[in-house]
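These notes are about the structure you will find just below.
Values quoted throughout were computed directly from the atomic coordinates according to the rules given, and no laboratory measurement underlies them. Please read all numbers here as calculations on a predicted model, not as lab measurements. Reconstructed Cβ throughout: ideal geometry from the backbone, glycine too, with neighbour counts over all protein chains shown.
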Amino acid sequence: MTAHHIRYDVDGDGIATITIDRPEKRNAMTYAMLGAFIETVAKAGADDKVRVVIVTGSGGAFCAGTDLADLATVPGETRGVRGTAQDDHRWWPLVVCPKPVIGAIDGVAVGMGAEFTSQCDVRIVSTRSRFAWNFAHRGLVPDTGAGSWLLPRLIGPHRALRLLYSGAFLEAEEAKAIGYAAELVAPEQVAETALAEARRYLQSSPFSIKHIKSLVWQGLERDVGQHMAAHVETLSACFKSADHKEGVAAFLERRPANFVGR
């Protein structure tokens with residue numbers, strides 16, 4: 001199904017693929033596309049059949065950022081931001097998604113496209129990928145807030161600031177060297193490598209993964225005491241869960257676990 005150039009597919013294993021599909025514009029986002037993208041990520045997050053989400057682009061590009069022709073239709077002095085500071089689902093939809101999110105990134109990821117790569121839990125990157133947070137070239141700050149908050153935590157403040165100040169490209173090999181990319185593969189191998197990564201997660205409890213993701217991302221905002229309070233509460237819930245009972249039984253019976261996600 002295509003809605004405003006956003007494709008959504010779910011395979012028989014519960015792996016959802018969200019494809020930004022506007023190759024003639026290197027998948028640059030219009031306002032309508034962004035709305036459809038946010039809605040589709042939320043749909044995947046709420047679908048009990050979906051275990052893992054892969055986000056990718058078509059035609060040899062991930063996303064060239066905001067379509068400036070579309071942006072120019074709204075005068076700058078009247079443009080609004082996409083929500084309040086509390087609307088996490090609008091700013092950071094991939095972080096808020098309770099499922100693991102893998103970025104299958106081939107080609108350019110610029111501006112908003114680079115921001116969305118930072119929101120992915122894991123990034124599989126092709127050798128021709130390039131990332132640029134070029135907002136300062138347009139008189140802006142990183143538009144989702146990921147570049148100014150998540151990126152420094154992923155690669156360090158000094159590297160992040162250098163990229164943000166200059167708007168220069170982070171090339172694929174350097175992205176792998178500094179840990180921004182988990183895997184660096186040929187362009188034709190990106191999709192299958194991302195699927196292989198997703199399948200690894202299918203062996204794990206969806207209940208555990210949901211809480212691990214929450215603890216990790218929210219842990220970046222908390223002090224140790226707050227984090228441990230959340231950890232103790234979550235661990236207690238895990239001990240009472242059907243997935244924990246099944247995980248122990250599967251180990252003792254030497255068989256694959258059949259997790260139910262609760």
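Amide H of Arg130: which non-local residues (sequence gap of 5 or more, or other chain) have their own amide H closer than 5 Å, using H built in the peptide plane?
Residues meeting the amide H criterion: Gly107, Val108, Ala109.
Could you give each residue of the stretch 124-130 its phi-based ³J(HN,Hα) in whole Hz, using Karplus coefficients 6.51, -1.76, 1.60 with θ = phi - 60°, and x for Gly or Pro?
These are the phi-based 3J(HN,Hα) values: 9, 10, 7, 5, 9, 6, 9 Hz.
Given the options Val125, Gly107, Trp92, identify the residue whose Cα lies farthest towards the positive end of the charge dipole of the stretch 2-201 (+1 on Cβ of Lys, Arg; -1 on Cβ of Asp, Glu).
Of the candidates, Trp92 comes out farthest on the positive side.
Would you pull out the residues with amide H under 5 Å of Ile54's amide H, same chain only if 5 or more places away, H placed 1.01 Å from N?
The list, which skips near neighbours in sequence, is Ala16, Thr17, Ile18, Ile102.
Whole-Hz Karplus ³J(HN,Hα) for the stretch 160-174, in order, using 6.51 cos²θ - 1.76 cosθ + 1.60 and θ = phi - 60°, x for Gly and Pro?
4, 5, 4, 5, 6, 5, 8, x, 6, 7, 8, 7, 4, 5, 5
Rounded to the nearest 20 Debye, what is the dipole magnitude of the stretch 206-252 about its Cα centre when Lys and Arg each give +1 and Asp and Glu each give -1 at the C-beta?
Values: 5 positive and 5 negative charges, 20 e Å.
Computed about the Cα centre, the dipole is about 100 debye.
Provide the packing ranking of 247-257, 169-179, 90-100, 53-63, i.e. peptides ordered by the mean count of other C-beta atoms within 10 Å per residue, highest first.
Highest-to-lowest ranking by the protection proxy: 53-63, 90-100, 169-179, 247-257.
Taking Lys49 as the anchor, which lysines have their alpha carbon closer than 24 Å to its alpha carbon, excluding any fewer than eight residues away along the same chain?
In chain and number order, the partners are Lys99, Lys210, Lys213, Lys240, Lys245.
To the nearest µm²/s, what D does Stokes-Einstein give for the chain at 4 °C and 1.567 mPa s, using the Kirkwood radius over alpha carbon pairs as Rh? Numbers along the way, then the final one.
Working: Rh = 19.3 Å.
Approximately 67 µm²/s, per Stokes-Einstein.
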